[in-house]
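This report concerns only the one structure given below.
The values are calculated or read from the model by the stated rules, or taken from the named source; none is laboratory data. Source: prediction; values computed, not measured. We place every Cβ from the backbone using ideal geometry, glycine too, and count neighbours over all the protein chains shown.
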Amino acid sequence: MNLTQSTRRDFLKGTGALVVSFSLAPILDRAYPRGATAAKPVALDEVDSFLAIDEKGAVTVFTGKVDLGTGVRTALAQIAAEELDVPLRQIEIIEGNTDVTPDQGPTYGSLSIQNGGVQIRQAAATARRALMEQAAQRLGVGVSDLKLENGAFRTSSGKQVTYGELIGGKAFELKVDKQAPLKDPATYKIVGQSIARFDIPGKVTGQFTYMQDFKVSGMLHGRAVRPPGIGAELQSVDENSVKNIPGLVKVVHENNFLGVVAETEWAAIKAAAQLKATWSKWEGLPEQSKLWEHVRATKINKDDVTSNVGDVQQALQQAAKKLSATYDFAIHTHGSIGPSCAVVEIKDGKLNCWSASQATHNLRKQLAAMLSMPESDVRSLYVEGAGCYGRNSHEDAAADAALLARAAGRAVRVQWMRADEHGWDPKGCPTLIDFQGGLDAAGKVVAWYSQFFIPEGAAGNVKLVAAELAGLPHETAMGPGNIIQNSAIPYAFPNVRTVAHRLADTPLRPAWIRAPGRMQNTFANEAFMDELAAAAGADPLEFRLSYINDPRGTELLKRLARLAKWEGRSSPKHDSGDIAAGRGVSYVKYELVRTYVGAVASVEVNRKTGDIRVKHVAVVQDCGQIINPDGVKNQIEGCVVQTVSRVLKEEVTFDRSRVTSLDWASYPILTFPEIPDVEIELIDRPTEKPWGAGEPSAAVIPSAIANAVFDAIGVRLRSVPFKPDKVRAAMQTA
Amino acid sequence: MAMATTVSLHVNGKTQKVTVEDPDMPLLYALRDNLGLHGPRFGCGMDQCGACTVHIDGKAVRSCITPLSAVGKGKITTLEGLGTPEKPHPLQKAFIEEQAVQCGYCINGMIMQAAAFLARTKKPSEAEIKKALAGNLCRCGTHLRIVRAVKRAAASI
């Protein structure tokens, strides 16, 4: 690996998180010597919301986007350093602090660079132009006589003025100008380079402060005690049952919210395990074995028609060959390796919350609502935690900590236990999809009709567990994520209808997990596309190409065929023997408007056991302008490995009362001996917009595997996960 | 009610005293909460993920299920004791060079497990590395880089 080493002043020791919590005041004092943080604007149209430059020329970037372990902190610094023409080491990043960072939206949907980075870039371009005009005035020359390098303007006669001298410690007082000219990408020195991530030296030496390591002085430790049934009512609590635990401070109960607070973490853990409480019986969940019947029978509140071309019904009637199929995708958990953690302190009517929330600005609103406090009295600060692949439980841990801190009158740290995380994090919802397709006599697709059975709602705030249990104000609408995305398809067929039936309910509290909806929908779409290709007797990659009217999509698939050494032929391969090998292709244009990605999976299927081994995955991605190529590759590798895990192994189990897959034994994930090799080709387009890279490649993995299995053994897997028993059953019925 | 007890621990070359109410408290909490170390981390509390891994007398153990009372005179090494950003252990250096981190929460376990493994296995094959790390879970999907980093470190030790 050829990496450009960065030597950042504070991040060298990996203390990025500490900067947020402890040394913010000096940074603000430096940037705003006039004082109060209230003077720091946060509006999205102000340059000062995003940037501050001190007398020495050090640049502070304020961003509402946060680094969830993806490396965006480094990438955002690259964007700012490039556009301002300052050395990378002069950039400091302050992220997710509701007092001083602009609300750039939650860190989700692969939008940190695409939206957040672009906003920062435009603010930096506005600032650079303003500084250049000031420099020209100061030095008595025209702007065309100025050369900018390393944060200093120089004239041809050798006169010089620095950013620090021009603006140091002062506000820009400028609106972000959307027309401010951006640097020519041909001149980039920092963007497009594989800069080494700032946080890694600290993370590999134990010097980094994760949320789980974060402490405030005098804090107590809390743990929540959840009901044995999701909707069970708390009838009585036996506080004597934990009296013998030294260090126990308090048992807290508020309606159905129950928790303990103790002087030490171990005392809190013991008390939570030992506390006796009586709960009512609750059996409101459907039987897991009848989950799909339950989903199909759930009331439909509305239909979202996501595409409608021609007349599908008529085309189906006239088709020479008709196909129909039903696909389903199991409920998944986030499965963060570090259970969620937060610290809350309520002092003099003001609440401080430190959490690893992907949406600190929204969490502030939720906590204020839950506790009936004015938003201005709630401060929500980001401290990086264990990986977060969507809306997991960080916000819920924060709500637990808030209720316990309010009851205890002191700061409380809550870290969920493993069973809390597996049992109570919001889940990726079950997805059921029906297809009908038609081919004409020549094997051309004439009709595509899909129906998605998915809960209603979008990517709003997800209700806080503690608020609901305690009977405090909370959201009532579901927030499964924008899961209708990629229900429509990137292919030009004459008759297409794609409809999402939005369900009134779903069994477990839903939220978004990496590529929400896009993954499930693309799984079904790309596998059914493969069914049509097989029915037409066509090579599945050529078949796709013949329906793509998009040069970037076409180039991508052609490059993928080369990278994967694609063997052009129809599927299945009719391999014989106990171990059958096959390859499958999948393609998506993410949300039909951005990142293009395609994958070829190579698998081996054991016909006797039903075991699937994903041996190799080739990925080609075009996400426009690339900020940090190694960062993008790291994300793609993660998408592939994590999704192979989800597709081969993962399924949340539950009884009528609660989730029963409460640890890594009952919810196994992929282990080292099972990982595939991954080969990646990036199509860099420096003059195009930068698009998301964190999740699009995850969307194509399930179907690439399913199609490869079909190629190997001629059997369609239409139900995720592809566990050996399901594979064997599918072989028997095929 | 139990009386607080004081236990001597040999951590990263130093003897340190910790006072606890429960001598059966897992070592993990003594290292993190009493001694303020950040390397070993809580992941599952059940010996299923490896995030809490430390060395005791050179052997990789799961501190989340190791009672304090069982440590005795064992010499404990944590990620902090292996090396620093200024003087990293060959594995830490290799993890930086391979950028073998996403969130990094599991990385403590990966490095500690691999360090104990490399200490007794010279020039391991890729399959041997994967087998050695089979009990360590990563959710970000950093596995490929972790294997590359361990291979790189193995070549330099």
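Only one of the numbered conditions (1) surrounded by fewer than 24 Cβ atoms within 10 Å (Cβ to Cβ); (2) farther than 21 Å from A:L363 by Cα is violated by A:P430, and that is (1). Screening A:D578, A:D611, A:D630, A:D622 for residues that are buried (at least 24 other Cβ atoms within 10 Å of the Cβ), charged (D, E, K, R) and over 21 Å from A:A524 (Cβ atoms) leaves exactly one candidate, A:D622. Considering the stretch A:233-261, and only residues there that are of a type in the set (G, A, S) and surrounded by fewer than 21 Cβ atoms within 10 Å (Cβ to Cβ), the residue that is nearest to A:A398 (Cα to Cα) turns out to be A:G247. Yes or no: the stretch A:616-632 includes at least one residue that is within 29 Å of B:K131 (Cα to Cα), in contact (Cβ under 8 Å) with a residue 40 or more places away in the chain and facing chain B (nearest Cβ under 10 Å). Yes, because at least one residue in the stretch A:616-632 is within 29 Å of B:K131 (Cα to Cα), in contact (Cβ under 8 Å) with a residue 40 or more places away in the chain and facing chain B (nearest Cβ under 10 Å).
The residue that is farthest from the other protein chains (Cβ to nearest Cβ), counting only those in the stretch A:215-232 that are crowded, with 19+ Cβ neighbours inside 10 Å and among the basic types (K, R), is A:R226.
For every residue, the table says whether it meets (1) modelled with pLDDT under 95; (2) buried (at least 17 other Cβ atoms within 10 Å of the Cβ); (3) away from chain B (no Cβ under 14 Å); (4) in contact with a His (Cβ under 8 Å, 6 or more places away or on another chain).
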residue	(1), (2), (3), (4)
A:A268	no, yes, no, yes
A:G284	no, no, yes, no
A:T298	no, yes, yes, no
A:L316	no, yes, yes, no
A:A319	no, yes, yes, no
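Remark: pairs (first residue in the stretch A:335-346, within 11 Å of chain B (Cβ to nearest Cβ); second residue of a type in the set (D, E) and not in a loop (DSSP other than H, G, I, E, B); Cβ separation under 6 Å; 6+ apart in sequence or on different chains) = A:P339/A:E421. Here B:V61 clears all of (1) hydrophobic (A, V, I, L, M, F, W, C); (2) assigned by TED's automatic domain parsing to the domain that holds B:R41; (3) part of a loop (DSSP other than H, G, I, E, B) except the condition numbered (3). Summed over the stretch B:76-102, the residues that are within 13 Å of the chain's Cα centre (by Cα) and among the basic types (K, R) give a count of 0.
In the stretch A:561-577, of all residues being part of a loop (DSSP other than H, G, I, E, B) and at pLDDT 95 or above, the one that is nearest to A:E679 (Cα to Cα) corresponds to A:A564.
This table checks each residue for (1) over 30 Å from A:P106 (Cβ atoms); (2) out of contact with any helix residue (DSSP H, G or I) (no Cβ under 9 Å at 6 or more places or on another chain); (3) modelled with pLDDT of 95 or more; (4) among the aromatic types (F, W, Y).
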site: A:N486; (1), (2), (3), (4): no, no, yes, no
site: A:P494; (1), (2), (3), (4): yes, no, yes, no
site: A:R497; (1), (2), (3), (4): yes, no, yes, no
site: A:L503; (1), (2), (3), (4): no, no, yes, no
site: A:T506; (1), (2), (3), (4): no, no, yes, no
site: A:A511; (1), (2), (3), (4): no, yes, yes, no
site: A:A538; (1), (2), (3), (4): yes, no, yes, no
site: A:T554; (1), (2), (3), (4): yes, no, yes, no
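Quick one: in the stretch A:347-370, which of the residues that are outside any helix (DSSP H, G or I) and polar (S, T, N, Q) is nearest to the other protein chains (Cβ to nearest Cβ)?
Going residue by residue through the stretch A:347-370, those that are outside any helix (DSSP H, G or I) are A:347-359.
Narrowing further to those that are polar (S, T, N, Q): A:352, A:355, A:357-358.
Working: A:N352: 21, A:S355: 15, A:S357: 14, A:Q358: 12 Å.
Per the criteria, the residue is A:Q358.
One residue stands out in the stretch A:321-346 among those that are within 23 Å of the chain's Cα centre (by Cα) and assigned to a strand (DSSP E or B): the one that is nearest to A:F435 (Cα to Cα), namely A:D328. Go over the candidates A:M417, A:M373 one by one and state the one that is surrounded by fewer than 24 Cβ atoms within 10 Å (Cβ to Cβ) and within 14 Å of chain B (Cβ to nearest Cβ). It is A:M417. Of the listed requirements (1) within 12 Å of chain A (Cβ to nearest Cβ); (2) of a type in the set (D, E, K, R); (3) assigned to a loop (DSSP other than H, G, I, E, B); (4) over 28 Å from B:I129 (Cα atoms), B:K73 misses just one: (1).
Could you identify the single residue in A:Q212, A:Q207 that is in contact with a strand residue (DSSP E or B) (Cβ under 8 Å, 6 or more places away or on another chain), at pLDDT 95 or above, outside any strand (DSSP E or B) and within 14 Å of another protein chain (Cβ to nearest Cβ)? Reasoning before the result, please.
Working: A:Q207 fails: in contact with a strand residue (DSSP E or B) (Cβ under 8 Å, 6 or more places away or on another chain).
So the residue among A:Q212, A:Q207 that is in contact with a strand residue (DSSP E or B) (Cβ under 8 Å, 6 or more places away or on another chain), at pLDDT 95 or above, outside any strand (DSSP E or B) and within 14 Å of another protein chain (Cβ to nearest Cβ) is A:Q212.
Residues in the stretch B:31-58 that are in contact (Cβ under 8 Å) with a residue 24 or more places away in the chain, aliphatic (A, V, I, L, M) and more than 9 Å from chain A (Cβ to nearest Cβ): 3 in all.
For the stretch B:109-137, a residue qualifies if it is surrounded by 23 or more Cβ atoms within 10 Å (Cβ to Cβ) and at the interface with another protein chain (Cβ under 7 Å from one of its Cβ atoms), and the qualifying residues are B:I111, B:L133, B:L137. For the stretch A:226-254, enumerate the residues that are assigned to a loop (DSSP other than H, G, I, E, B) and over 33 Å from the mean Cα position of the chain (by Cα). Scanning the stretch A:226-254 gives A:E233, A:K243, A:N244, A:I245, A:P246, A:G247. If you go through the stretch A:360-390 and keep only what is touching a strand residue (DSSP E or B) at 6+ places or on another chain (Cβ under 9 Å) and among the hydrophobic types (A, V, I, L, M, F, W, C), you end up with A:L363, A:L367, A:A368, A:L371, A:M373, A:V378, A:L381, A:V383, A:A386.
For the stretch A:186-212, how many residues are surrounded by 18 or more Cβ atoms within 10 Å (Cβ to Cβ) and without any contact (Cβ under 8 Å) to a residue 60 or more places away in the chain?
Step one: list which residues in the stretch A:186-212 are surrounded by 18 or more Cβ atoms within 10 Å (Cβ to Cβ), which gives A:190-191, A:193-212.
Keeping just the survivors that are without any contact (Cβ under 8 Å) to a residue 60 or more places away in the chain gives A:204, A:206.
Final tally of qualifying residues: 2.
Considering the stretch B:60-70, and only residues there that are of a type in the set (G, A, S) and away from chain A (no Cβ under 14 Å), the residue that is surrounded by the most Cβ atoms within 10 Å (Cβ to Cβ) turns out to be B:A60. Within the stretch A:643-664, can you find the residues that are part of a loop (DSSP other than H, G, I, E, B), closer than 21 Å to A:Y389 by Cα and away from every other protein chain (no Cβ under 13 Å)? A:E651, A:V652, A:T653 - these are the residues of the stretch A:643-664 that are part of a loop (DSSP other than H, G, I, E, B), closer than 21 Å to A:Y389 by Cα and away from every other protein chain (no Cβ under 13 Å). A single member of A:G105, A:G109, A:G158, A:G169 is free of Cβ contacts under 8 Å to residues at least 40 places away in the same chain, assigned to a loop (DSSP other than H, G, I, E, B) and in the same structural domain as A:S49 (by TED's automatic domain parsing), and it is A:G158. Among the numbered conditions (1) surrounded by fewer than 24 Cβ atoms within 10 Å (Cβ to Cβ); (2) more than 30 Å from A:E283 (Cβ to Cβ); (3) within 14 Å of another protein chain (Cβ to nearest Cβ); (4) touching an Asp or Glu at 6+ places or on another chain (Cβ under 8 Å), tell me where A:Y667 comes up short. With (1) surrounded by fewer than 24 Cβ atoms within 10 Å (Cβ to Cβ); (2) more than 30 Å from A:E283 (Cβ to Cβ); (3) within 14 Å of another protein chain (Cβ to nearest Cβ); (4) touching an Asp or Glu at 6+ places or on another chain (Cβ under 8 Å) applied to A:Y667, the lone miss is (2). Filtering A:Q207, A:Q212 for residues that are under 28 Å from A:A401 (Cβ atoms) and within 24 Å of the chain's Cα centre (by Cα) leaves a single hit, A:Q212. Among the residues making up the stretch A:465-522, those that are touching an Asp or Glu at 6+ places or on another chain (Cβ under 7 Å) and polar (S, T, N, Q) are A:Q485, A:N486, A:N495.
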